[in-house]
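Q: Structure incoming, see below.
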Number of protein chains: 2
Amino acid sequence: MYINTISHYFPSQVIGNEYFTQLNNLSTEWIAERTGIYERRKAGEGENTSTMAIAAVDLLLENIPYSKNEIDLIVGATYTPYDTIVTLAHAVQHHIQIPDIPVLSLSTACSSFLNAIEIVEGYFAMGKASKALVVVSDHNTAYYNEMDTVSGHLWGDGASALLISKERQTATDMVIKKLITGGAATSGKAVEAVVLRPNDKGVVMPFGRDVFQNACVYMPKVSQQVLQACGLTIDDLDYLIPHQANHRISLNVINTLGIPVEKLISNIQYLGNTGSAGCAIALSENRDKFKKGENIVITVFGGGYSYGAMLITI
Amino acid sequence: MYINTISHYFPSQVIGNEYFTQLNNLSTEWIAERTGIYERRKAGEGENTSTMAIAAVDLLLENIPYSKNEIDLIVGATYTPYDTIVTLAHAVQHHIQIPDIPVLSLSTACSSFLNAIEIVEGYFAMGKASKALVVVSDHNTAYYNEMDTVSGHLWGDGASALLISKERQTATDMVIKKLITGGAATSGKAVEAVVLRPNDKGVVMPFGRDVFQNACVYMPKVSQQVLQACGLTIDDLDYLIPHQANHRISLNVINTLGIPVEKLISNIQYLGNTGSAGCAIALSENRDKFKKGENIVITVFGGGYSYGAMLITI
């Protein structure tokens with residue numbers, strides 16, 4: 001599989017830590033020390049999961065290597081749906097006006113980005129698609145409680161879009177070498193640590209420490225697995241993009257893997273936890289800095305305890 | 001692909017049409033004439049999408065032809081999530097305690113059952129799974145407005161579970177011969193006709209006539225496509241199970257296809273519209289009446305305008 005092109009979108013409204021100082025008496029330093037977050041973006045009036053996905057798609061379509069009409073599959077990923085019937089994938093299909101292709105949206109919480117790409121891999125393997133549009137969008141502030149002093153300050157909003165093809169399309173395509181996903185709902189407090197019940201309290205994280213601990217186990221482990229599956233070692237890795245949940249988790253993961261901080265890519269400092277969109281946005285933001293032959297691992301971990309890793313070679 | 005076994009669960013609480021007569025002054029006859037519905041089931045206190053899925057899985061596991069520990073993929077389907085982070089697939093993984101297998105949940109609204117099976121087909125094609133557990137569950141009454149005289153009386157709750165394998169497991173396996181899904185969000189009022197926005201009004205259907213008309217076009221068309229793909233004609237069809245949205249839609253579909261009412265399988269009369277679970281429940285309820293060699297088509301159509309058909313041979 002090949003990533004032909006990638007884009008990202010985040011809302012213009014910036015919410016600094018001082019907002020939560022005023023609201024909840026949490027100091028900028030307290031938040032930054034515990035999470036690495038200084039700012040996050042918040043969707044504006046009229047914006048939602050689907051509009052952000054469409055905004056990312058519009059940016060993507062400005063520069064694609066083939067006609068958009070060749071797209072034959074749309075997969076959406078979100079755990080913060082604007083509409084669970086007219087999902088973000090359906091909204092995008094309507095927007096780009098390509099009829100009669102498979103369209104679906106999924107959630108594995110913050111791991112949804114990699115599960116979406118694995119679904120694409122499956123359609124390619126079946127021969128039912130060859131050029132897929134993946135949209136990842138999370139509108140966390142639609143479901144958070146900003147007064148929640150445990151997790152209200154963590155969340156940001158954002159989206160990303162990618163075109164993925166079965167065969168190489170351009171010399172600058174990024175190559176997906178290996179992708180592994182897994183569920184770990186059998187571990188720890190998987191079914192209660194972080195939840196989003198739309199009819200209840202929205203997104204809450206009563207057992208953040210359990211999320212932290214399991215994330216620090218599963219992300220290094222599955223990162224090693226994708227490298228090993230390709231006959232590579234950690235020394236062959238040029239960049240790691242871990243799920244942007246907490247900068248201390250990211251530092252713990254690179255410490256476990258034994259890689260220097262220069263190889264860590266992060267955007268949590270200025271975007272907060274943008275959910276399943278975080279890693280995709282980071283890949284898009286840093287696209288131009290990657291050099292031919294470099295190896296990048298994206299690794300994710302989410303509530304419900306799904307995890308995954310993807311090895312990309314430039 | 002082979003369906004090894006299938007189960008269904010619906011809640012014990014029965015809501016007859018007279019409930020809506022008292023509530024909204026809609027007579028039993030008026031509801032029955034327009035929808036075919038006389039009764040529907042409503043989830044009780046403490047029940048939700050995930051508990052219904054687990055109840056269906058428990059019934060399924062009472063009689064399976066191999067160890068549950070051989071399950072290597074779980075796909076959940078719902079548009080009425082209890083939890084979008086700990087999805088029904090994650091809740092089921094936790095319940096059956098099988099670690100480190102891919103787990104995800106998806107929505108294509110009322111078409112989600114067939115998209116879930118297509119995801120399984122993809123994992124089988126990749127060689128990443130060989131025995132999948134599919135759970136389909138919709139808890140419509142968690143998101144409906146019972147005072148809504150347009151659609152409040154349509155909805156029911158229910159769930160189904162299936163084991164699907166890549167290779168034949170038993171002589172009584174049902175064979176999935178062909179599966180086609182598609183998105184039609186480019187048609188009619190696809191992005192506004194029926195919506196479920198958790199932060200807005202829940203499930204509403206402002207353009208039911210547009211849903212009706214498009215359902216009556218897409219379900220016959222895609223049913224013909226799966227038959228043709230297998231070299232069969234409508235005369236080879238023994239039973240049709242259309243999405244259980246409205247009995248008048250079902251009658252319109254068989255009329256268009258030119259098949260007698262004896263070949264139509266329905267449960268909307270006593271279950272209402274159970275969303276993506278409806279066809280799966282119908283397949284499970286009628287499992288014992290199907291005879292070796294019979295051909296069954298399941299066809300679905302949902303909000304956001306996704307559609308699909310699956311040809312099963314007994």
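Q: Name the trypsin sites (Lys or Arg not before Pro) in segment B:244-313 that are in a loop by DSSP and that have at most 16 other C-beta atoms within 10 Å, would you?
A: Counting only loop positions with at most 16 other Cβ atoms within 10 Å, the trypsin sites (Lys or Arg not before Pro) in segment B:244-313 are B:Lys291, B:Lys292.
Q: Of the trypsin sites (Lys or Arg not before Pro) in segment B:86-177, which ones lie in a loop per DSSP and count no more than 15 other C-beta atoms within 10 Å?
A: Here the sparse-neighbourhood loop sites are B:Arg168.
Q: Could you list log10 I(q)/I(0) for the protein assembly as shown at q = 0.08, 0.09, 0.10, 0.11 Å⁻¹, which the Debye formula gives when each Cα is one point scatterer?
A: After summing over all Cα pairs, the log10 values are -0.52, -0.66, -0.82, -0.99.
Q: Picking from A:Ser250, A:Val261, A:Ser165, whose Cα lies most toward the positive end of the charge dipole for the protein assembly as shown (charges on Cβ: Lys, Arg +1; Asp, Glu -1)?
A: Farthest towards the positive end: A:Ser165.
Q: Among the GluC sites (Glu not before Pro) within segment A:1-78, which fall in a DSSP loop and have no more than 12 other Cβ atoms within 10 Å of their own Cβ?
A: A:Glu45, A:Glu62
Q: What's the average, rounded to a whole number, of partner chain beta-carbon atoms within 10 Å of each residue's beta-carbon in B:218-226?
A: Counting Cβ atoms of other protein chains within 10 Å of each residue's Cβ and averaging gives 0.
Q: May I ask you to work out the translational diffusion coefficient for segment A:43-123 at 25 °C, viscosity 0.890 mPa s, via Stokes-Einstein with Rh from the Kirkwood sum over Cα pairs, reported in whole µm²/s?
A: 186
Q: Note down the magnitude of the dipole of segment B:56-150 about its Cα centre, charges +1 on Lys and Arg C-beta and -1 on Asp and Glu C-beta and zero elsewhere, to the nearest 20 debye.
A: For this selection, approximately 260 debye.
Q: Shortest first and in nm with one decimal, please list how far the B:Asp200 label point sits from its counterparts in the other copies (point 7 Å along Cα→Cβ).
A: 2.6
Q: Another question about this same structure. To make sure I understand the rule: partners must be aspartates and glutamates, Cα under 18 Å from the Cα of B:Lys201, and not fewer than 8 residues away in the same chain. Which ones qualify?
A: Once the sequence-local aspartates and glutamates are set aside, what remains near B:Lys201 is A:Glu45, A:Glu47, A:Asp83, A:Asp200, B:Asp83, B:Asp138, B:Glu146, B:Asp148, B:Glu192.
Q: Per residue and in cubic angstrom, what volume does the convex hull of the Cα atoms of segment B:174-313 have?
A: Dividing the Cα hull volume of segment B:174-313 by its residues yields 108 Å³.
Q: For segment A:26-86 and segment A:248-294, compute the distance between their C-alpha centroids and round to whole Å.
A: 17
Q: Taking N as the number of residues in chain A, what is its alpha-carbon radius of gyration divided by 2.2 N^0.38 Å?
A: Rg over 2.2 N^0.38 Å, computed on Cα atoms: 0.93.
Q: Filter A:Lys68/A:Lys289; B:Lys42/B:Lys221; A:Lys178/A:Lys263 down to the pairs with a C-alpha to C-alpha distance above 30 Å, please.
A: B:Lys42/B:Lys221
Q: For the protein assembly as shown, give the share of DSSP beta bridges that are antiparallel, in percent and rounded to the nearest 5; count only bridges with both residues there.
A: The antiparallel proportion sits near 75 percent.
Q: Right, next: With springs only between Cα atoms under 10 Å, which of A:His94, A:His139, A:His153 fluctuates most in a Gaussian network model of chain A?
A: A:His94
Q: Calculate the mean, over all residues of peptide A:184-192, of how many other protein chain Cβ atoms lie within 10 angstrom of the residue's Cβ.
A: The per-residue average across the peptide is 6.
Q: Among the DSSP beta bridges whose two residues both lie in segment B:2-165, what percent are antiparallel, rounded to the nearest 5?
A: The answer is about 65 percent antiparallel.
Q: Let me ask something additional. Quick one: of the DSSP bridges fully inside chain B, what percent are antiparallel, nearest 5?
A: In chain B, approximately 70 percent of DSSP beta bridges are antiparallel ones.
Q: Could you please point out the chain A residue with its Cβ nearest to the axis of the rotation taking chain A onto chain B, and the distance in whole angstrom?
A: For the rotation taking chain A to chain B, the closest Cβ gives A:Gly122, 1.
Q: Going 7 Å from Cα along the Cα-Cβ axis for the label, what nanometre distances separate B:Thr28 from the same residue across the other copies?
A: Taking the point 7 Å beyond Cα along Cα→Cβ, the inter-copy spacings are 6.9 nm.
Q: Using the Kirkwood formula over every pair of different C-alpha atoms, what hydrodynamic radius in Å results for segment A:1-80?
A: Here the Kirkwood hydrodynamic radius works out to 15.6 Å.
Q: Sorted from shortest, what are the nm distances separating the label point of A:Lys189 from equivalent points in the other copies, each placed 7 Å from Cα along Cα to C-beta?
A: 4.6
Q: Once Rh is set to the Kirkwood radius over Cα pairs, what Stokes-Einstein translational diffusion coefficient, in µm²/s, holds for segment A:85-243 at a temperature of 20 °C and a viscosity of 1.002 mPa s?
A: Taking Rh from Cα pairs, D becomes 118 µm²/s.
Q: Quantify how strongly other chains surround peptide B:112-124 by giving the mean number of their Cβ atoms within 10 Å of each of its Cβ atoms.
A: Mean inter-chain Cβ contacts per residue within 10 Å come to 4.
Q: Quick one: what does P(r) look like for segment B:178-253 with 10 Å bins over all Cα pairs, in whole %?
A: Over segment B:178-253, the share of Cα pairs per 10 Å bin runs 16, 42, 29, 11, 2 percent.
Q: Across segment A:64-77, in residue order, what do the Karplus-derived ³J(HN,Hα) couplings come to in whole Hz, using 6.51 cos²θ - 1.76 cosθ + 1.60 with θ = phi - 60° and x for Gly and Pro?
A: These are the phi-based 3J(HN,Hα) values: 10, x, 8, 5, 4, 5, 7, 4, 10, 6, 10, 10, x, 9 Hz.
Q: Same structure, new question: Could you point to the residue in B:Asn17, A:Ala56, A:Thr28 farthest towards the positive end of the protein assembly as shown's charge dipole, with +1 and -1 charges on the Cβ of Lys/Arg and Asp/Glu respectively?
A: About the Cα centre, the residue reaching furthest to the positive side is A:Ala56.
Q: Cα-Cα pairs above 22 Å in segment A:2-165: how many percent?
A: 44
Q: I'd like to know how segment A:256-314 sits against the 2.2 N^0.38 Å rule of thumb: what's its Cα Rg over that expected value?
A: This ratio for segment A:256-314 stands at 1.18.
Q: OK, next. Explain nothing, just compute: Karplus ³J(HN,Hα) = 6.51 cos²θ - 1.76 cosθ + 1.60, θ = phi - 60°, for every residue of segment B:219-230 in order, whole Hz, x for Gly and Pro.
A: Values, residue by residue: 5, x, 4, 6, 5, 4, 4, 5, 5, 4, 4, 9 Hz.
Every read-out reported here was derived from the displayed coordinates using simple, explicitly stated rules and does not represent laboratory data. Here the structure is a predicted model, which is why all the values come from computation and not from measurement. FYI the Cβ positions are ideal-geometry reconstructions off the backbone, even for glycines, and counts take in every protein chain you see.
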